[in-house]
Amino acid sequence: MRILSERKKSSTPAIQIDGVHKKFGDYTILNNLSLEVSRGEIFGFLGLNGAGKTTTIKMLLAMLKPTSGKLYMLGEKVDAGNSTLWSKVGYLEEATFYPDLTVTENLDIARRMQGLADKDAVHQVIYKLGLEPHQKKKAKHLSLGNKQRLGLAKAMIHNPEILILDEPINGLDPAGVAEIRNMLYNLATNFGVTVFISSHLLEELSKVSTRIGIIHGGRLVQEVAMDKLEQSLQKNLVVNGLNKPALKKVLEEHGYTFEDTPDGYIKLTNEHAADHPERLAELLVQRNQPPTSLRVVTEDLEGYFLRTIGMTRGIK
Ligand SMILES: Nc1ncnc2c1ncn2[C@@H]1O[C@H](COP(=O)(O)OP(=O)(O)OP(=O)(O)O)[C@@H](O)[C@H]1O
């Protein structure tokens, strides 16, 4: 019986959003949003400013009600009155603390605000987040990375199974992002914590997440596992020659589609052209238009994000 209930527990998704709509007045902010996050995943929730990330997070935290649709965490319906559920969920919007108090003192205040009687919770979370060497330091003397650690420690003081982070990496330098990645990886791998982290920066989010969901216009438009992201990046052949009009004519005659790049090259837009650069090289040589440059260019992460949400670079 116990084994069965344990199995049921671990097979239930950590987070389940099911056909959620949210309207503010006449404006539809979330439009049939559905997604699932498994236990122990670090799920990156990516979208431009205004895409609906914070609205989604507020609904997960029962701070807002959906107009329709359902939200579940750890198999339980999200409900403001479900205190058992809230004892298993941690939330961090922004790392704030008392600058003149030490790490331990700040965490002890967080413990009392959570109504936790067990004083050992402070030491446990210090251990979990690797803050032992800094526990006696005043918060204002911590490095940026350790300030983030302290913020996470506050959100984790009650040992939650799910950690929800709203834009914690925006504005961090590369070292700060690496710090967050190590912390989240440690929490997910060694402590089985599920992390839901929002950002508008794919580059940064890709470094900390195991999977990413892209929200645009209140809809989930794409989900991609980080180990599959590389395969999803578009590859294009970019070519140039001494006589560009003549080269373009050859391309047209052989069914290639193309566009000019801002830096004066010709980018082939056929889906599979980049699989065989040698075919193009051979053709151009045969037709007396030898390329002065021919290379395969892989789209960058920002390009992938903008393509996925149907926008071109430069439009924000
Ligand atoms: N209480 C509200 N009343 C009306 N509109 C709202 C309200 N809260 C949010 N919105 C609108 O809903 C849309 C989504 O906002 P939300 O804060 O969820 O976006 P976001 O993806 O978190 O963006 P950001 O990265 O800027 O925080 C925005 O257009 C916002 O102006």
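Values in this text are rule-based calculations from the coordinates and carry no lab data. Computed from a prediction, not measured in an experiment: that's the story for all the values here. Here the Cβ positions follow ideal geometry from the backbone for every residue, glycine too, while neighbour counts run over all protein chains shown.
Counting only C-alpha contacts under 8 Å and six or more residues apart, can you give the relative contact order of the range 18-102 as a whole percent?
Numbers: 80 pairs, mean separation 22.1, N = 85.
Over the range 18-102, the number comes to 26 percent.
Across the range 85-136, the fraction of Cα-Cα pairs farther apart than 19 Å, rounded to a whole number, is 26%. At full extension, Asn49 and Arg279 could sit 78.5 nm farther apart than now, given 0.36 nm per residue minus the alpha carbon distance.
Projecting the Cα positions of Pro133, Gly90, Gln114 onto the charge dipole of the range 71-201 (unit charges on Cβ atoms of Lys, Arg, Asp and Glu, taken about the Cα centre) puts Pro133 furthest along the positive direction.
Considering only the chain, what is the antiparallel percent among its DSSP beta bridges, to the nearest 5? Walk me through the intermediate numbers first.
Numbers: 33 of 51 bridges.
Among the beta bridges of the chain, antiparallel pairing accounts for roughly 65 percent.
Listed by chain and number, the lysines whose C-alpha is less than 18 Å from the C-alpha of Lys138, apart from same-chain residues fewer than 8 away, are Lys147, Lys154. Residue-wise HN-Hα couplings along the range 82-89, as the Karplus relation 6.51 cos²θ - 1.76 cosθ + 1.60 with θ = phi - 60° gives them from phi, are 8, 5, 4, 5, 5, 6, 10, 10 Hz; Gly and Pro carry x.
Annotation: amide H of Gln222 within the under-5 Å range of Ile214, sequence separation 5 or more or interchain, hydrogens built in the peptide plane.
The stretch between Tyr127 and Gln286 holds 50.5 nm of extra length on full extension. This uses 0.36 nm per residue minus the Cα-Cα distance. Principal-axis analysis of the Cα atoms of the chain puts helix 277-286 at an angle of about 20° to the longest axis.
Pairwise inverse Cα distances across the chain, averaged and inverted, put the Kirkwood hydrodynamic radius at 22.3 Å. Karplus-based coupling profile of the range 105-113, in residue order and whole Hz: 5, 4, 6, 5, 5, 4, 4, 5, 5, with θ = phi - 60° in 6.51 cos²θ - 1.76 cosθ + 1.60 and x standing for Gly or Pro.
Ordered by packing density, taken as the mean number of other Cβ atoms within 10 Å over each peptide's residues, highest first, how do 274-280, 237-243 rank? Walk me through the intermediate numbers first.
Details: 274-280: 14.1, 237-243: 18.0.
Ranking the peptides 274-280, 237-243 by packing returns 237-243, 274-280.
Seen from Ser68, the other residues with C-beta closer than 12 Å to its C-beta sum to a net charge of +3, counting Lys and Arg as +1 and Asp and Glu as -1.
Over the range 235-298, what is the relative contact order in percent, taking alpha-carbon pairs closer than 8 angstrom and at least six residues apart?
52 percent.
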